Amino acid sequence: MRTIRALITAAVALTAIAAYGQKPLEDIGQAYDRLVASLYTGGNIVSQTKENYPGWSRTEVRFAFPAKKSKLISDYNSTLFGWSAKAYSSFVKRAGANDNSQMNIAWGEDNRQETNFGSWPNRNYNIQFIRDGRDSTMRYAYALVWYVSNDSLLGSVDRYYGKDPRLSSRHTMVYGFNSKGRKGNWIIDKDNGSIYGPGISIDDKGVYINGTRLSDYANRGGEWTVDGTGNVYGPGISIDDKGIYIDGKKYSDYPLPTLQSEMKRLRNELDNIQLKKKIKNSTDFVNQFNNLHIFYSSLCSSYKDYKKCKGDEQTGQLMIMNLMVAVLNKANDMCSNYYNVINTPAKKFIASQLNAMADESKDQYIGDAFKAMAKELLSKAD
C-alpha cells in the first residue's frame with residue numbers, strides 16, 4: 001500500500017490542516033514579526049507597506065520564494081490556526097473551494113479604508129481577529145494569503161490594528177467577563193437591541209448561534225443587564241445557565257462548546273473505534289470497518305453544515321477535514337494489515353464502501369486516496 005500512503009501524505013499537505021501539537025502556542029505578534037524578519041533575511045520580500053499612527057497601524061508584506069521552501073508559511077499558518085480558538089472572528093478559505101465568501105478588514109482613521117480578502121478562487125486565506133488584551137474595544141487582524149504559481153509560492157502576510165468597527169458607536173455598551181468558561185465580551189447596541197457575544201450574534205440579520213442562522217429577530221430597544229458571570233438579560237432575551245431563550249423559546253444550551261473541545265470529543269470518538277479483538281475473519285473485519293464508515297459519514301455531514309462549535313465555520317471545516325485524514329489512515333492500516341484474512345466477497349464489499357467514502361469526501365485528494373485503496377484491495381481479490 002505504498003502508493004496509498006503517498007496519497008495520504010499528499011492529502012495532509014494539500015488540505016493545509018493545522019496539527020494538534022502539544023508544543024506551547026507561540027505569541028501571534030511574535031510569530032508575525034519572526035516571519036517578516038525571516039522573509040527579509042532570505043530576500044523573499046517583494047514589497048512592504050507600513051503605516052503607524054495614533055490609534056491604528058497596518059503592515060502589508062508581499063513575498064515570493066520557491067514552493068519547495070514553504071515551511072515558513074506552513075508554520076505561520078499553523079500558528080494562526082492555533083489562535084483561532086482565542087479569536088473573536090476568523091475567515092479561512094482554501095484554494096479551489098466552491099465558495100464565494102469574502103472578508104473585508106477595515107483600517108485607518110475611523111476605519112475609513114478597507115482591504116478585501118477572498119475574491120481570488122485560486123488562493124488560500126487564513127485571517128484571525130484578536131482582541132487587544134489591554135483594551136477590549138481595539139483589535140488586531142492577522143491575514144495570510146498564499147498560492148502556488150510556476151513552482152513559486154506567492155502571497156502576503158499582513159497585520160492591522162485599530163478599533164473594532166462594531167464598537168465605533170457611542171450608543172454601544174461593552175462588557176468583559178472571565179468566569180464559568182465564558183471568556184469574552186458582550187457588545188450591546190442600545191439603539192436597536194443588537195447583541196454580540198462569544199458564539200452569539202443577534203441583530204437585524206437574525207439570530208445566529210455558532211455561525212448558524214436560527215430565526216429572524218425584530219429590532220427592539222429596552223433595558224439590558226450583563227452580570228459578572230456573563231449572564232445576559234434583555235427585552236425578550238435571557239442567556240444564562242438555563243440556556244439561550246428568545247421570546248420564551250430555547251434555542252441552545254449555554255455556554256457553547258469551543259472548536260477545540262468539540263474536536264477533542266470527535267478525536268476521542270475516533271480513537272475509541274479500536275479493534276475489540278484481533279481480526280480473525282471477514283465478519284470481524286466488516287463489523288469494525290462499518291463502525292469506521294459510520295463515523296466518517298458523520299464527519300462529512302458536519303463538514304457540510306457545521307453547527308456545533310463556537311467560532312468560524314470554515315475553521316471548523318478544516319479541523320473536521322483533519323479528522324477525515326485520520327479516518328483515511330485508519331482505513332489504510334486495516335486494509336494493509338488484514339486483507340489476507342478476509343475472503344473475496346468481503347474484499348469486494350469493503351471496496352464498495354471505500355468508493356462510497358470517496359464519493360462522500362469533501363476533498364479531492366482524500367477522495368482519490370480512498371479510490372486508490374479500493375482499487376488495490378480489489379486487485380488482491382481471488
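See the values below:
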read-out: Amide H partners (placed H, <5 Å) of M138, local residues excluded; value: D132, D164
read-out: Derived scalar couplings ³J(HN,Hα) [region 67-77; Karplus, 6.51 cos²θ - 1.76 cosθ + 1.60; whole Hz; x for Gly, Pro]; value: 4, 5, 9, 8, 4, 4, 6, 5, 5, 5, 4
read-out: Residue-count net charge about R123 - beta-carbon cut-off 11 Å; Lys, Arg +1, Asp, Glu -1; value: +2
read-out: Descending Cα extents along the principal axes, region 30-114, whole Å; value: 41, 34, 24
read-out: For G108, residues with placed amide H under 5 Å, excluding near neighbours; value: S57
read-out: Neighbour net charge for G155 - beta-carbon separation under 11 angstrom, K R +1, D E -1; value: +1
read-out: 5 angstrom amide H check on Q102, placed H, neighbours 5+ away; value: none
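Quick note: the coordinates plus some simple rules give every number you see, no bench work behind them. Keep in mind it's a predicted model, so treat the numbers as computed, not measured. Using ideal geometry, Cβ is built from the backbone for each residue, glycine included, and neighbour counts are taken over all protein chains shown.
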